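For reference, the structure is listed below as structure tokens.
The values are calculated or read from the model by the stated rules, or taken from the named source; none is laboratory data. This is a predicted model, so every value here is computed, not measured. Please note: Cβ atoms are built from the backbone with ideal geometry, for glycine as well, and neighbour counts cover all protein chains shown. Only protein heavy atoms, including side chains, enter the accessible area calculation; ligands, DNA and RNA are left aside. Shrake-Rupley method; radii C 1.70, N 1.55, O 1.52, S 1.80 Å.
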Amino acid sequence: MAQKTVLIVYAHQSGGSFNSAVKDVAVEALRQQGYKVVVSDLYAMNFKASATMQDITGEVKNPEHFKYGEETMQAWKEGRLSDDIIAEQRKVEAAELVIFQFPMYWFSVPAIMKGWIDRVLSQGFAFSLQKMYSNGIFKDKKAMLSFSTGSMQTMYRPDGLNGDINVTLWPLQNGVLHFCGFQVLAPQVFWCPGHSPPANRTAMLDGWRARLKTLLVERPLTFAPCELFDLTFPGGFMLRPEVREEQRTRPHGITTGHHLGKPLPPDNQLKAEG
């Protein structure tokens with residue numbers, strides 16, 4: 001049996017950081033289980049964050065009105081994306097699991113990681129109109145977020161100052177990972193390590209090490225499958241009428257994003273259903 005691969009896309013400037021320690025724990029634990037672990041250390045690579053015309057080798061189709069998505073899709077088909085993008089796409093192709101390791105910046109990923117998402121998960125390679133969400137290109141792969149916060153956990157509750165963490169995570173976990181078809185594992189959230197005593201930080205790392213032992217057999221988070229929607233332009237890609245009727249008497253929405261004006265399903269973006 002071929003050795004399975006895990007890709008860690010890592011974004012932190014310092015090798016002495018808590019995020020670096022988290023990354024190192026994952027590398028060690030997964031290699032001990034027999035996985036090949038590949039790390040894309042974006043800052044060490046000086047990875048280019050901006051999505052520009054320079055991401056394409058050779059001539060672009062319409063330099064006067066450059067459309068990044070269309071041009072990079074055509075370049076991908078013709079093997080004309082820049083070498084750094086091609087190298088990262090090959091890593092994704094080889095991986096059974098992709099872990100995004102980062103400190104949360106402004107309720108999202110650092111700019112350098114957003115650039116990786118923008119440039120590497122290009123149209124054609126990672127998604128198309130026909131292949132997205134539960135029908136997505138990477139439906140046989142898994143992905144997850146592993147990140148630290150600058151705020152304590154209570155601040156991310158529905159009644160906390162920052163608001164519900166499930167809402168915060170929806171654009172990344174649904175709009176990026178699930179959109180590309182990934183089975184999305186529950187995030188590993190390290191709450192406020194920068195303001196935690198050493199014993200607490202050690203306990204966080206120990207908890208991550210323990211989870212890694214069974215990580216790849218975990219159930220993924222729940223999202224609304226494409227079958228629930230009328231996937232046509234006349235139908236507006238809306239919920240099918242019979243599905244909406246079926247959902248009418250249920251106490252919660254389908255997902256964090258498909259709430260249907262009802263209470264959100266509890267921890268939809270934090271925990272897999274039992």
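Projecting label points 7 angstrom from Cα along Cα→Cβ for Glu70 and Tyr105 puts them 3.1 nm apart. Taking amide hydrogens as placed 1.01 Å from N in the peptide plane, the amide H of Phe190 sits under 5 Å from those of Phe147, Ser148, Thr149, each at least 5 positions away in sequence or on another chain.
Pairs over the 26 Å Cα-Cα cut-off, from the set Lys4/Lys48; Lys61/Lys131; Lys23/Lys77; Lys48/Lys271; Lys36/Lys139; Lys114/Lys213: Lys4/Lys48; Lys23/Lys77; Lys48/Lys271; Lys114/Lys213. Going by the alpha-carbon gyration tensor, a ≥ b ≥ c the square roots of its eigenvalues, is segment 145-196 rounded (a/c under 1.5) or, if a/c is not under 1.5, prolate (a/b greater than b/c) versus oblate? Oblate is the answer for segment 145-196, as a/c is 1.5 or above yet b/c matches or exceeds a/b. The distance linking segment 1-49 with segment 132-198 is 18 Å (Cα centroid to Cα centroid, whole angstrom). With a 1.4 Å probe rolled over the protein heavy atoms of all chains, the accessible area of Asp206, Asp41 falls in the order Asp206, Asp41, largest first.
Expressed as a fraction of 2.2 N^0.38 Å, the C-alpha radius of gyration for the chain is 1.06. For segment 191-274, trypsin sites (Lys or Arg not before Pro) meeting the loop criterion (DSSP other than H, G, I, E, B) and having at most 11 other Cβ atoms within 10 Å: Arg248.
Determine the calculated [θ] at 222 nm for the chain from helices alone, applying -39500 (n - 2.57) to every DSSP H run no shorter than 4 residues and normalising by the residue count; nearest 500 deg cm²/dmol. Mean residue ellipticity, 222 nm, calculated: -8500 deg cm²/dmol. The heavy atoms of Ser146 present about 0 square angstrom of accessible area, all protein chains included, probe 1.4 Å.
Which of rounded, prolate, oblate describes segment 176-228, given a ≥ b ≥ c as roots of the alpha-carbon gyration tensor eigenvalues and a/c under 1.5 marking rounded, otherwise prolate only if a/b is larger than b/c?
prolate
Summarise the accessible area of the chain (1.4 Å probe, protein heavy atoms) by the percent that is carbon and sulfur. Heavy-atom surface of the chain belonging to carbon and sulfur, 1.4 Å probe: 55 percent.
Rolled with a 1.4 Å probe across the full set of protein chains, the surface gives Leu145 an accessible area near 10 Å².
Using the 1.4 Å probe convention, the accessible area of the chain works out to 51 Å² per residue with neighbouring protein chains retained.
Screening the chain for whole DSSP H helices of 18 Å or more along their axis (Cα) with average Kyte-Doolittle hydropathy at least -1.0 returns 18-32, 198-212.
Label-to-label distance, Thr232 versus Asp140, with points set 7 angstrom from Cα along the beta-carbon direction: 3.1 nm. The solvent-accessible area of Glu246, taken with every protein chain present and a 1.4 Å probe, is close to 100 Å².
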